[in-house]
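So the structure is just underneath, and the comments pick up after that.
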Amino acid sequence: MHENVEAAAAVSGWTPIAEEAARATRLLHPKHDLPKPTRRRVLTVANQKGGVGKTTSAVNLAAALAMHGLKVLVIDLDPQGNASTALGVDHRSGVPSIYEVLIGEVSLTDAAAVSDQSGNLYCVPATIDLAGAEIELVSMEGRESRLKEALPTGALDQLNPDYVFIDCPPSLGLLTVNAMVAAEEVLIPIQCEYYALEGLSQLLRNIELVQNHLNPNLQVSTILLTMYDGRTKLADQVTAEVRKHFGDTVLRTVIPRSVKVSEAPGFGQTVLAYDPGSRGAMSYLDAAREMAERGFGGE
Ligand code: ATP
Ligand code: MG
């Protein structure tokens with residue numbers, strides 16, 4: 001429950017007692033005042049490095065925003081289907097999924113399922129059928145923009161989400177390119193570990209390629225530091241380096257390493273549903289608040 005309280009205090013300048021009071025207030029008033037974006041925000045959660053917290057961040061930020069009354073859609077674009085699992089959404093082979101959406105068989109709205117964790121939270125699941133899509137897409141017309149084509153054109157009018165999070169697989173293949181073409185924002189989770197920055201320049205180069213050739217509106221709007229372990233010096237070094245490089249793009253909130261966060265998907269839940277009072281849940285609530293309050297594109 002109180003893991004990394006010292007670390008959190010060090011980061012935020014708060015004392016543990018202030019922390020506890022704030023926690024109680026936020027739990028008592030989960031819905032107070034999160035601004036609705038003036039227009040829909042579509043974020044691609046990408047990092048080709050595996051296991052850095054892409055899925056965890058996508059589903060928990062989504063759940064946090066939904067908890068504040070905003071409507072959120074998570075598109076699971078990873079054949080592993082981890083986001084679908086965490087949101088408690090059926091993703092057995094055969095259910096309407098993002099695969100059928102990409103090949104044009106099903107509309108996005110028809111593939112979206114409501115999460116059992118919130119009436120405001122929807123998920124388009126990924127089934128194992130998506131595993132072949134990287135290859136199948138190669139020969140398809142408009143292969144980089146299949147998801148973009150499925151997103152507007154009234155397809156989302158029924159759901160009308162305020163936020164859309166697209167959870168990418170750990171690669172820079174066609175699925176991730178589709179996500180970057182369909183979104184305006186990229187959210188990059190960075191794990192506070194030694195190799196965290198490796199591969200980041202490759203990711204940024206790919207984003208630049210997409211900007212130059214496929215989607216000039218794309219921007220890295222948000223960087224989120226994840227799995228921060230206050231017991232290691234290294235975590236602070238990585239944090240400082242990332243902040244030096246990326247400045248205000250990095251959220252002030254840092255997600256601590258927390259057992260509760262890693263246990264939650266095993267119960268088909270986000271950490272906000274699994275243990276809403278835990279530090280992991282609170283830090284995702286804080287990160288979501290920061291994102292919502294910052295807005296995007298001057299809005
Ligand atoms: P992949 O590249 O395979 O899609 P990913 O980038 O989506 O991985 P996650 O699946 O979100 O990464 O996280 C990787 C592992 O680390 C998971 O087992 C997850 O439960 C765990 N994890 C994520 N965030 C935390 C955290 N803050 N504290 C502890 N464990 C975490
Ligand atoms: Mg993942």
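Against the criterion of being surrounded by 22 or more Cβ atoms within 10 Å (Cβ to Cβ) and more than 14 Å from ligand 1 (Cβ to nearest atom), A133 qualifies.
Hey, can you tell me all the residues within region 94-122 that are in a loop (DSSP other than H, G, I, E, B) and closer than 17 Å to D162 by Cα?
So the first thing to find is which residues in region 94-122 are in a loop (DSSP other than H, G, I, E, B), and the list is 94-97, 103-107, 112, 115-120.
A112, S115, S118, G119, N120 - these are the residues of region 94-122 that are in a loop (DSSP other than H, G, I, E, B) and closer than 17 Å to D162 by Cα.
Looking at the structure I just gave you, is E193 touching a strand residue (DSSP E or B) at 6+ places or on another chain (Cβ under 9 Å), open to solvent by 20 Å² or more (accessible area, probe 1.4 Å) and on the phi < 0 side of the Ramachandran plot?
Numbers: touching a strand residue (DSSP E or B) at 6+ places or on another chain (Cβ under 9 Å): yes; open to solvent by 20 Å² or more (accessible area, probe 1.4 Å): yes; on the phi < 0 side of the Ramachandran plot: yes.
Yes, satisfied.
For region 32-46, does any single residue satisfy the condition of being open to solvent by 40 Å² or more (accessible area, probe 1.4 Å), at pLDDT below 90 and more than 24 Å from G268 (Cβ to Cβ)? Yes, that holds for at least one residue.
If you filter region 78-91 down to residues that are assigned to a loop (DSSP other than H, G, I, E, B) and among the aliphatic types (A, V, I, L, M), you find that the one that is nearest to ligand 2 (Cβ to nearest atom) is L87.
Annotation for region 221-228: at least one member residue is in contact with a Ser or Thr (Cβ under 8 Å, 6 or more places away or on another chain), without any contact (Cβ under 8 Å) to a residue 40 or more places away in the chain and among the hydrophobic types (A, V, I, L, M, F, W, C).
Within this structure, A86 fails the test of being more than 20 Å from the chain's Cα centre (by Cα), open to solvent by less than 20 Å² (accessible area, probe 1.4 Å) and either within 16 Å of ligand 1 (Cβ to nearest atom) or of a type in the set (V, I, T) (or both).
Annotation: of all residues in region 54-77 being outside any helix (DSSP H, G or I) and either more than 16 Å from ligand 2 (Cβ to nearest atom) or open to solvent by 10 Å² or more (accessible area, probe 1.4 Å) (or both), the one that is farthest from L34 (Cα to Cα) is L73. Filtered by the rule that a residue be surrounded by 20 or more Cβ atoms within 10 Å (Cβ to Cβ) and within 16 Å of ligand 2 (Cβ to nearest atom), region 238-268 gives I255, V261, A264, P265.
Yes or no: region 150-163 includes at least one residue that is open to solvent by less than 10 Å² (accessible area, probe 1.4 Å), part of a loop (DSSP other than H, G, I, E, B) and not polar (S, T, N, Q). Yes, region 150-163 has at least one match. Here S115 passes the criteria (1) surrounded by 24 or more Cβ atoms within 10 Å (Cβ to Cβ); (2) of a type in the set (S, T, N, Q); (3) at pLDDT below 95 except the one numbered (3).
For region 39-83, filtered to residues that are more than 10 Å from the chain's Cα centre (by Cα) and among the polar types (S, T, N, Q), the residue that is farthest from T226 (Cα to Cα) is Q80.
The values are calculated or read from the model by the stated rules, or taken from the named source; none is laboratory data. Computed from a predicted structure; not experimentally measured. In this analysis, Cβ positions are derived from the backbone assuming ideal geometry, glycine residues included, and neighbour counts consider all displayed protein chains. Calculation scope for accessible area: heavy atoms of the full protein, side chains included, ligands and nucleic acids excluded. Shrake-Rupley method; radii C 1.70, N 1.55, O 1.52, S 1.80 Å.
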